[in-house]
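The values are calculated or read from the model by the stated rules, or taken from the named source; none is laboratory data. Since the model is a prediction, treat every value here as computed from it, not as a measurement. Reconstructed Cβ throughout: ideal geometry from the backbone, glycine too, with neighbour counts over all protein chains shown. All accessible areas refer to the heavy atoms of the entire protein, side chains included, with ligands and DNA or RNA removed. Shrake-Rupley method; radii C 1.70, N 1.55, O 1.52, S 1.80 Å.
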Amino acid sequence: MTLKLSRLLEDIKPLEVIGDTDKNIIGVHSDSRKVEKDSLFVAVRGVTTDGHKYIPVVASTHVGAIVCEELPTSLEKGITYIKVADSAEALGLLASAWYGHPSTKLKLVGVTGTNGKTTTATLLYEMAKLEGYKAGLLSTVCNYIQDKAIPTTHTTPDPITLNELLAEMVEAGCDYAFMEVSSHAAQQHRIAGLKFKGAVFSNLTRDHLDYHGTVENYMNAKKMFFDMLPADAFALVNADDKAGAYMVQNTKAKVYTYSLRSDADFRCKILETRLDGTLLQLNGRDIEVGFTGRFNAYNLTAVYGASILTGFPEEEVAVNMSRLVPVAGRFQTFRSEDGVTAIVDYAHTPDALENVIQTIEEIRTPGQQLIVVCGCGGDRDRTKRPEMAAIAVKYATTAVFTSDNPRHESPEAILDDMVAGLEPGARYLRIADRAEAIRTAVMLSRPGDIILVAGKGHETYQIVGDVKHPFDDREEIKKRFALLN
């Protein structure tokens with residue numbers, strides 16, 4: 001495949017162009033290691049490295065064109081140099097153009113927020129399939145092109161991978177695509193050039209402060225997604241979250257709301273809660289769903305509203321809500337033969353952990369122990385560590401603090417941060433080995449008790465240093481339950 005450089009540049013607004021634009025380009029890259037003769041390289045300023053420093057290396061490969069924010073002092077003959085104000089944004093626009101603007105050929109809906117992105121996006125994808133349409137999904141757990149699973153590395157892929165996947169969805173005949181939109185993706189312009197039919201906002205609590213610095217910066221990064229929506233799109237926001245109204249202050253999209261507490265376009269009431277499901281009332285309709293917890297009621301209300309706004313008939317949506325099933329690693333339950341229930345959940349922020357535990361508290365009966373296993377990731381926001389520990393100790397009969405993904409930090413140092421603010425006499429154990437922590441929780445349990453293993457959910461690995469070691473909370477639980485029986 002080749003495209004004229006002049007055609008590619010139609011979507012961006014160069015500040016300066018030096019060289020011939022009437023040349024064929026064979027590919028678009030932001031990774032200098034993938035550049036080849038007659039391709040286009042975009043020098044992006046990343047979190048850990050600046051693509052501009054690789055321009056001399058790229059120039060030696062006889063690359064066709066280089067897009068950058070600062071022109072090099074020495075210009076190589078035969079290379080076209082394009083100066084832009086923001087090369088990250090230009091990359092998104094160029095990637096979309098290279099793949100034929102695939103988002104314009106799909107009904108694309110994005111979901112953002114601190115918690116609930118994966119569940120909401122995945123259930124919308126499942127809803128589309130239940131409605132008889134072909135659909136694609138881009139999520140933290142896995143990417144899907146109809147039923148074809150494609151492993152994922154980021155919540156939102158880089159612009160080139162993202163547009164390539166969307167183009168594959170178009171090629172496969174997909175009508176709809178649903179994706180998680182992370183705050184990083186919005187701020188880094190990974191979604192530049194995409195046309196969305198709609199956007200959903202779930203909630204906002206403190207997270208990713210290691211990257212954004214402040215909650216305000218984090219909130220503004222998510223708001224960027226709504227600021228870019230076109231006038232013919234919809235914006236569906238959680239009216240019960242104070243950040244919901246802020247998200248849509250400057251959007252051109254048509255705004256809708258959903259709520260469990262107040263009047264909204266899509267209103268939900270929880271009528272009955274059990275460990276294996278909930279009876280909800282959605283806009284006056286009683287609907288039995290296979291999900292538990294107030295946080296899932298919010299997710300399902302967002303799914304209900306977004307499904308209707310996307311164009312699915314309300315009557316069919318109501319029926320199909322009962323056919324949806326929980327996402328892997330999201331309040332996923334396991335039960336031993338002697339009646340111990342284990343719940344594996346991705347909750348890795350203070351708010352998410354408290355939501356999950358409060359859901360368990362609504363169902364928990366007198367005499368049932370609650371054993372909570374949780375940790376905090378390394379190289380991430382340290383301020384949430386004592387908060388996570390305090391929440392676990394507040395509700396649990398016994399809390400077991402352990403490793404999550406320690407990355408480049410000492411697991412013991414992370415545990416030190418977690419327990420630093422706990423009151424004397426708090427009931428907790430600290431066991432850095434996660435497998436041993438889960439084994440201990442199972443050994444401490446009695447028939448009828450509940451174990452919550454939080455933080456990693458669907459993940460099938462543990463990151464130590466730069467290496468992903470095989471590890472799955474769900475498999476550990478099943479292994480320990482089998483030994484009990």
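For the range 170-189, the set of residues classified as out of contact with any helix residue (DSSP H, G or I) (no Cβ under 6 Å at 6 or more places or on another chain), more than 30 Å from THR48 (Cβ to Cβ) and not aliphatic (A, V, I, L, M) consists of GLU171, GLY173, CYS174, ASP175, listed by residue number.
Taken over the range 272-325, the residue count meeting the criterion of being at pLDDT below 95, buried (at least 19 other Cβ atoms within 10 Å of the Cβ) and part of a loop (DSSP other than H, G, I, E, B) is 3. For the range 356-367, taking the residues that are open to solvent by 50 Å² or more (accessible area, probe 1.4 Å) and not hydroxyl-bearing (Ser, Thr, Tyr), the one that is modelled with the lowest pLDDT is identified as GLU362.
Scanning the range 1-23 for residues that are among the charged types (D, E, K, R), assigned to a loop (DSSP other than H, G, I, E, B) and open to solvent by 50 Å² or more (accessible area, probe 1.4 Å) gives LYS13, ASP20, ASP22. Considered as a group, the residues in the range 428-485 that are among the hydroxyl-bearing types (Ser, Thr, Tyr) and within 23 Å of the chain's Cα centre (by Cα) include one that is most open to solvent (accessible area, probe 1.4 Å), and that residue is THR460.
Table: residues versus (1) assigned to a helix (DSSP H, G or I); (2) at positive phi.
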| position | (1), (2) |
| --- | --- |
| LYS53 | yes, no |
| PRO56 | yes, no |
| VAL63 | no, no |
| GLY78 | no, yes |
| ALA88 | yes, no |
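How many residues does the range 55-76 hold that are β-branched (Val, Ile, Thr) and surrounded by fewer than 18 Cβ atoms within 10 Å (Cβ to Cβ)? Adding up the residues that qualify gives 3. Filter the range 392-411 down to the residues that are farther than 17 Å from LYS456 by Cβ and out of contact with any Lys or Arg (no Cβ under 8 Å at 6 or more places or on another chain) and list them by number. If the condition is that a residue be farther than 17 Å from LYS456 by Cβ and out of contact with any Lys or Arg (no Cβ under 8 Å at 6 or more places or on another chain), then LYS394, TYR395, HIS408, SER410 are the ones that fit. Across the range 140-174, the qualifying residues are those that are without any contact (Cβ under 8 Å) to a residue 60 or more places away in the chain and touching a Phe, Trp or Tyr at 6+ places or on another chain (Cβ under 8 Å), and the one among them that is least open to solvent (accessible area, probe 1.4 Å) is ILE150.
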